[in-house]
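**Q** I am attaching a structure below and will ask some questions about it afterwards.
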Amino acid sequence: MKLRYHLLHFRPRRIEARVHELHAKGVIDVEPNLWQLWLGVLYMWHRAMFRPETIGLSERPVRDTWRARAFRFRPARSPFLFGGRRVNPLDHTGLGSTTEHTIRHLLGAHHEADDFHFDIQLVAHEPGVLDALRERLVAIVDETAPDARFLKDLCVYEGYHEDLLEGVEKWLRGEVELDHEDSDATLTGLMRWCAQQPASLRETLATGLPDFAPTRASHEEAA
């Protein structure tokens, strides 16, 4: 593996192995290389910089607690997201993270609309993971878990864990319909976007940086 990939990626060998595993399991239908995946990281950075309203914010009502009202401001919750290892700033795609980290991320970081399906796709093929996640969510929703109220406040908005629980139950019943062209909300969408990009630095320099517009928006414009 070339040295530059260790400079560009968080755990490049793990990322490469994870993509191969997800492809072999049928979770994703393309297998982008590490350079294309780096462009995917740039896609995520572009989203964070130019479309920050699509990450961690919602039009839902804020929970009626002092802590949730404080956490409504992202700088206030950031120490708990980063310090609690619920967000890994070095691994924007999630491909380099463990299953345990992905679950912590889902439980402690708000995902708007159906964006949580992206992370569920990373772990749903692993035996028993969704059942354990469902059990954990039930304890959070009914507030029998000792950290339930803190996690609800950390996710700020009313109904997040209830919707996530409903989503996990749909996965368990095999009733989930994903938009595999949505590079924001699904892992398959982002992997397809990556696979369509130049395969090397040389090709990228020749063609220029890709269009970082989300594929969902591009699809709607085309329609």
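**Q** With respect to LEU90, is the statement that it is exposed (fewer than 13 other Cβ atoms within 10 Å of the Cβ) and in contact with a Lys or Arg (Cβ under 9 Å, 6 or more places away or on another chain) true? Don't jump to the end; show me each part of the working.
**A** Details: exposed (fewer than 13 other Cβ atoms within 10 Å of the Cβ): yes; in contact with a Lys or Arg (Cβ under 9 Å, 6 or more places away or on another chain): yes.
Judged against the criteria, LEU90 is a match.
**Q** From the list LEU22, LEU34, which one is modelled with pLDDT of 90 or more and within 17 Å of the chain's Cα centre (by Cα)?
**A** Values: LEU34 fails: within 17 Å of the chain's Cα centre (by Cα).
Among LEU22, LEU34, only LEU22 is modelled with pLDDT of 90 or more and within 17 Å of the chain's Cα centre (by Cα).
**Q** May I pose another question? Looking at segment 102-132 only, could you name the residues that are surrounded by 17 or more Cβ atoms within 10 Å (Cβ to Cβ), farther than 20 Å from GLY56 by Cβ and not small (Gly, Ala, Ser)?
**A** Selection gives VAL123, VAL129, LEU130.
**Q** Would you check if there is a residue in segment 60-78 being closer than 15 Å to GLU166 by Cα and either within 19 Å of the chain's Cα centre (by Cα) or outside any helix (DSSP H, G or I) (or both)? Before you say what the answer is, go through the steps one by one.
**A** Of segment 60-78, the ones closer than 15 Å to GLU166 by Cα are none.
The answer is no, given that none of the residues of segment 60-78 is closer than 15 Å to GLU166 by Cα and either within 19 Å of the chain's Cα centre (by Cα) or outside any helix (DSSP H, G or I) (or both).
**Q** Which is among the acidic types (Asp, Glu), free of Cβ contacts under 8 Å to residues at least 40 places away in the same chain and exposed (fewer than 13 other Cβ atoms within 10 Å of the Cβ), of GLU53, GLU16?
**A** Numbers: GLU16 fails: exposed (fewer than 13 other Cβ atoms within 10 Å of the Cβ).
Result of the check over GLU53, GLU16: GLU53.
**Q** With (1) outside any helix (DSSP H, G or I); (2) touching a helix residue (DSSP H, G or I) at 6+ places or on another chain (Cβ under 8 Å); (3) in contact (Cβ under 8 Å) with a residue 40 or more places away in the chain as the list, and VAL168 as the residue in question, which single condition is left unmet?
**A** (1)
**Q** Further, regarding this structure: Sort out which residues of segment 184-208 are hydrophobic (A, V, I, L, M, F, W, C) and either crowded, with 18+ Cβ neighbours inside 10 Å or under 23 Å from the mean Cα position of the chain (by Cα) (or both), and write them in order of number. Walk me through how you get there before you give the answer.
**A** Here is the first cut: in segment 184-208, the ones hydrophobic (A, V, I, L, M, F, W, C) are 185, 187, 190-191, 193-195, 199, 201, 205-206.
Within segment 184-208, ALA185, LEU187, LEU190, MET191, TRP193, CYS194, ALA195 qualify.
**Q** State yes or no: is GLY108 at pLDDT 95 or above and on the phi > 0 side of the Ramachandran plot? I'd like the intermediate steps shown before the answer.
**A** Numbers: at pLDDT 95 or above: yes; on the phi > 0 side of the Ramachandran plot: no.
Judged against the criteria, GLY108 is not a match.
**Q** Using the structure shown, decide if LYS152 is buried (at least 20 other Cβ atoms within 10 Å of the Cβ), basic (Lys, Arg) and not in a loop (DSSP other than H, G, I, E, B). Walk me through it before giving the result.
**A** Values: buried (at least 20 other Cβ atoms within 10 Å of the Cβ): yes; basic (Lys, Arg): yes; not in a loop (DSSP other than H, G, I, E, B): yes.
So LYS152 fits the description; yes.
The values are calculated or read from the model by the stated rules, or taken from the named source; none is laboratory data. No experiment lies behind these values; they were computed from the predicted model shown. Ideal geometry is used to build each Cβ from the backbone, glycine not excepted, and the neighbour counts take in all protein chains shown.
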